[in-house]
Amino acid sequence: MLGIDEISLVKGQGKFIVVLVDIDSGRLIGLVKERKQMKIENVMKKWGEKVLERIEEERSGSDWKL
């Protein structure tokens with residue numbers, strides 16, 4: 001399962017980075033410089049269809065559709 005979260009690079013500055021994590025292993029999969037849905041989708045599309053087909057969707061407080 002894929003976990004998507006954001007972390008603040010500088011507290012109070014509004015600078016964030018998106019963190020992509022394999023929830024099952026706890027392994028970092030990738031980082032995205034911008035927290036815009038289009039940018040995250042572009043990074044994930046580069047992984048290819050075989051990888052994307054294996055990702056399970058589980059929503060927790062998000063309206064994003066991937």
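The values are calculated or read from the model by the stated rules, or taken from the named source; none is laboratory data. Just so we're clear, the structure is a prediction, and the values are computed from it rather than from any experiment. Virtual Cβ from ideal backbone geometry, glycine too; neighbours counted across all protein chains shown. Each accessible area value is taken on the protein alone, full model and side chains, heavy atoms only, with ligands, DNA and RNA left out. Shrake-Rupley method; radii C 1.70, N 1.55, O 1.52, S 1.80 Å.
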Restricted to the range 1-38 and to residues being charged (D, E, K, R) and within 20 Å of Arg54 (Cα to Cα), the residue most open to solvent (accessible area, probe 1.4 Å) is Arg27
Restricted to the range 39-66 and to residues being charged (D, E, K, R) and open to solvent by less than 100 Å² (accessible area, probe 1.4 Å), the residue modelled with the highest pLDDT is Lys39
Residue pairs qualifying under the 8 Å Cβ cut-off, at least six apart or on distinct chains, with the first in the range 20-49 being closer than 18 Å to Met1 by Cα and the second being of a type in the set (D, E, K, R) and loosely packed, with under 10 Cβ neighbours inside 10 Å, are Val21/Arg27
